[in-house]
Amino acid sequence: MTALAVSGLAKRYGRVDALRGVDLEVGEGELVGLLGPNGAGKSTLVKIACGLVRPTAGAATVCGAPAGSRDALRSLGYLAELFRFPGWYSADEVLLLHQRLSGSTGGASERTRLLELVALRDARDRRVEAMSKGMQQRLGIAQALVGEPRLLLLDEPTSALDPVGRRTVRELLESLRGRGISVLLNSHLLSEVELVCDRVTILLDGAVVAAGTPAELAQARGVEIETDEGTRVYEDARREDAPRLVEELVAAGRKIYGVSVRTSTLEEVYLDAVGGETS
Amino acid sequence: MTAIWTIVRYGLEEALRRKVFAVVLLLTLGFLGLFWLGNHYAFKDLSGVQPPAGIDARTFAGSFIFGLAMFATLFLGVVLAIFLTIGAVRGDAERGLLQPLVVRPVGRSSLLVARFLGTVGVCVPYVLAVYFASMGITGSAGHWWPDRIVTPGLELAAAVALVAALSLLGSVFLTATANGIAIFMVFGAGLVAGLLGTIGHALSSHTLERAAKIAAYVIPVEALYQDALGQITADTRGVTRFVLELGPFGGAYIGGTAVRLWAVAYLGIVAAVALTAFARRDL
């Protein structure tokens with residue numbers, strides 16, 4: 001079953017079109033990255049999926065249930081871009097609160113497991129107000145995982161994390177995928193999305209401007225051949241041109257030390273897609 | 001039910017941490033102390049007072065002073081209700097506290113109902129406690145007891161519950177500060193309507209009295225307060241009654257069952273609007 005299905009989704013705030021007919025699917029166990037500059041409609045899409053915002057047109061379903069319905073909410077975990085937990089709660093109490101609200105029967109063992117997952121086991125009894133921003137963000141991710149949701153909606157989950165924290169989250173996302181949990185990851189960190197996501201969707205001005213796997217989105221950017229005379233770059237060449245180019249160079253008496261087919265990085269794909277819009 | 005109880009507890013813990021209860025408790029203790037002092041001096045020399053003909057000095061002093069206490073009780077209850085609810089929706093949403101709760105399979109209506117129940121669960125016992133403490137102070141100092149003991153207290157508690165409902169409704173649309181100001185202004189408007197009614201009564205101006213009555217029904221918090229004031233001297237007649245109807249901070253008029261039924265209907269309307277608006281609100 002599709003974890004998240006969005007079709008023809010539109011949202012208008014007054015005179016501003018935040019979303020203009022977006023189609024998107026997140027399959028079971030799939031990790032999909034959502035990219036786009038500020039104001040592209042990423043957070044609006046995520047908020048519609050978890051029922052915080054009502055769409056103007058179109059439909060969104062979570063595990064087959066209409067977005068925002070109780071069945072849909074039972075199936076998802078959500079980490080908002082801007083969130084806060086009551087400062088006087090300990091990490092354990094935050095998770096307990098969400099266990100009660102989600103009807104989770106995981107008890108103390110679930111809380112312990114989740115705190116271990118986000119490397120907060122030692123901070124179990126620490127109050128939220130005494131935690132760093134990064135710790136709060138990791139606690140937010142643990143909160144989103146309460147009740148073993150089938151779909152995880154993460155809105156900028158690593159924005160406040162240091163490199164070690166980001167790596168922890170990346171590893172966590174990979175382990176979730178291994179357990180069949182679907183993830184929609186809204187992030188500005190292109191390298192991170194490129195590393196973990198199965199597919200990427202790029203939004204601009206409320207519409208999808210590019211979508212596919214990172215490999216599908218990557219475009220050929222020439223062939224680079226390292227010879228005894230130095231590195232030669234054939235910018236218009238494609239992967240299939242490489243053998244011919246090597247043959248020609250060898251025939252011309254050159255020694256070949258290495259051949260690489262250059263493809264665009266996700267960052268280059270992104271910049272091409274958004275046309276220089278600032279993030 | 002577990003989810004509703006969880007939200008009730010969550011709201012009360014929040015109030016506890018923000019020291020709302022501590023502030024209200026201090027204000028209450030200050031008020032009761034001063035009220036005891038006022039009663040002590042008011043009744044100390046009552047036997048030496050020569051009131052105008054037809055006025056019973058003890059009834060007048062007791063009901064007037066206790067009427068003041070009822071206003072203070074209502075005011076303190078309103079303060080508590082407002083501070084427990086002003087930021088329940090938009091305020092909490094702007095601080096990022098609400099979204100993690102709303103995405104749980106609890107239902108928005110349950111969230112709002114839980115916040116209301118939590119507020120009422122605190123405010124009603126509080127109002128009744130202050131009401132009966134004030135009555136005890138006046139009764140022991142002045143040997144005067146109201147004609148109706150329980151009904152006025154329940155009406156004050158109901159008025160505070162209405163304020164809580166209005167504040168929750170306001171919190172769907174307004175920021176916490178704007179909502180607080182708006183609800184205090186609504187409460188103040190009711191008070192002004194009561195005072196206008198008193199002036200109209202004294203001047204025998206039926207137009208002014210009618211306008212004040214309509215205003216009191218538009219904001220039934222005031223109508224309930226007036227009825228509660230009226231109930232404490234329900235069996236008093238003659239000149240004393242006429243003077244008491246000019247009561248402190250608004251007239252003492254018996255509205256009876258109609259007021260109570262209207263208050264219930266009003267609560268239902270406010271609840272329906274609040275639940276519908278919250279269900280449709282983007283967060």
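Some notes on this structure:
- Each of A:TRP88, B:TRP144 was scored by other Cβ atoms within 10 Å of its Cβ. Listed from fewest to most, they are A:TRP88, B:TRP144.
- Computed about its Cα centre, the charge dipole of region A:220-263 is approximately 120 debye, with only Lys, Arg, Asp and Glu carrying charge at their Cβ.
- Neighbouring Cβ atoms from other chains, within 10 Å of the Cβ of residues in B:90-99, number 3 on average.
- DSSP-assigned coil residues among trypsin sites (Lys or Arg not before Pro) in region B:55-136, each with at most 10 further Cβ atoms within 10 Å: none
- Mean residue ellipticity (222 nm) of chain A, computed from DSSP H runs ≥ 4 via -39,500 (n - 2.57), nearest 500: -10000 deg cm²/dmol
- Mean partner shielding of peptide A:77-84, defined as the number of other chain Cβ atoms within 10 Å of each residue Cβ, is 5.
- Entry note, region B:99-201: relative contact order of 25 percent, from Cα contacts under 8 Å with a spacing of 6+ residues.
- By the rule of a C-alpha distance below 19 Å, with chain neighbours fewer than 8 residues away ignored, the aspartates and glutamates paired with A:LYS11 are A:ASP23, A:GLU25, A:GLU81, A:ASP155, A:ASP205, B:ASP282.
- Footprinting exposure proxy ranking of B:HIS143, A:HIS188, fewest other C-beta atoms within 10 angstrom first, gives B:HIS143, A:HIS188.
- The distance separating the Cα centre of region B:182-212 from that of region A:1-17 comes to 51 Å.
- Among B:GLY30, B:GLY230, B:GLY62: highest mean-square fluctuation, GNM of chain B, C-alpha pairs under 10 Å: B:GLY30
- Of the residues A:LYS255, A:LYS133, A:LYS11, the one that moves most in a GNM of chain A with alpha-carbon contacts below 10 Å is A:LYS255.
- Amide H contacts for A:CYS197 (H built 1.01 Å from N in the peptide plane; partners 5 or more residues away or on another chain; cut-off under 5 Å): none found.
- Derived scalar couplings ³J(HN,Hα) [region A:112-123; Karplus, 6.51 cos²θ - 1.76 cosθ + 1.60; whole Hz; x for Gly, Pro]: 5, 4, 5, 5, 5, 4, 9, 6, 10, 4, 6, 9
- GNM top mover of B:ALA114, B:ALA212, B:ALA53 - chain B, alpha-carbon springs below 10 Å: B:ALA53
- Cross-link partners of A:LYS133 among lysines (Cα-Cα below 24 Å; sequence separation of 8 or more within a chain): A:LYS42, A:LYS47
We did not get these values from a lab; they are worked out from the coordinates using the rules stated. Please read all numbers here as calculations on a predicted model, not as lab measurements. Note: ideal-geometry Cβ built from the backbone for every residue, glycine included; neighbour counts use all protein chains shown.
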